[in-house]
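Have a look at the structure below, then the notes.
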Amino acid sequence: MAQGNLIFISGGVRSGKSSFAESYAAQVAESKDKNLYYLATSLSFDDEMTKRIKHHQATRGKSIHNWQTIEASKDISEAVYKEHEDSVILLDCLTVWLSNEFYQKGITEETLVNSEKWNEVKQHVMNEIKNLRARTDTLVIVSNDIFHEGIHTSAYVNLYSQMLGELHQYIVSEANQAFAIESTVPILMKQS
């Protein structure tokens, strides 16, 4: 099965990465005459997250591009059906999706920290990305750059940071393009 293009976009909180990713994905969809999907991974668990979700929805609603939304907080490749294939899909964001996978039924913090269960979660996320990429024309993945934060005393938080870093490395190694966003400025880090 042919692989679609993979674009990775990362940046700090409020860096402008989602706005850049939306614009970039829309341009790709328009240039290739492809359907455009927003794969939203966030769950509304507090007022701040609800505001952020509404902001993203409003931004897409005002867009001149015809965004169609797919909502999936985990096992995301199951949410992408045949009618979504050969499209441009923007996955926003890896950071939230990984958190959702950590908290899936039957997995506790203690289980993740004291076993190899975390490796199963990482492999599952990598497989989901491979499956999505194989079924799309272009997959754009957005993630937070959390690696400039201090070291945490929580083994769980450190494990999460380690896994996210390993996933970033994997995605960049597979990506056709990788961008880092610094204060709304996209910096092309990889082009293949």
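The values are calculated or read from the model by the stated rules, or taken from the named source; none is laboratory data. This structure is a prediction, so every number in the text was calculated from the model and none was measured. Here the Cβ is made from the backbone with ideal geometry for all residues, glycine too, and neighbour counts use every protein chain on show.
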Inset, instruction - Would you please name the residue that is modelled with the lowest pLDDT, looking only at residues in segment 34-51 that are within 17 Å of Ser143 (Cα to Cα) and out of contact with any Ser or Thr (no Cβ under 7 Å at 6 or more places or on another chain)? - result: Ser42
Inset, instruction - Consider Ser77 carefully, then state whether it is in contact with an Asp or Glu (Cβ under 6 Å, 6 or more places away or on another chain), modelled with pLDDT under 85, surrounded by 15 or more Cβ atoms within 10 Å (Cβ to Cβ) and hydroxyl-bearing (Ser, Thr, Tyr). - result: yes
Legend entry - Tabulated pairs, segment 1-29, first in contact (Cβ under 8 Å) with a residue 12 or more places away in the chain and hydrophobic (A, V, I, L, M, F, W, C), second surrounded by 22 or more Cβ atoms within 10 Å (Cβ to Cβ) and assigned to a helix (DSSP H, G or I), C-beta under 6 angstrom, 6+ apart or interchain: Leu6/Arg133; Phe8/Ile171; Ile9/Lys17; Ile9/Ala21
Inset, instruction - Go through segment 88-134 and count every residue that is among the charged types (D, E, K, R), more than 14 Å from Leu39 (Cα to Cα) and touching a residue at least 24 places away in the same chain (Cβ under 8 Å). - result: 3
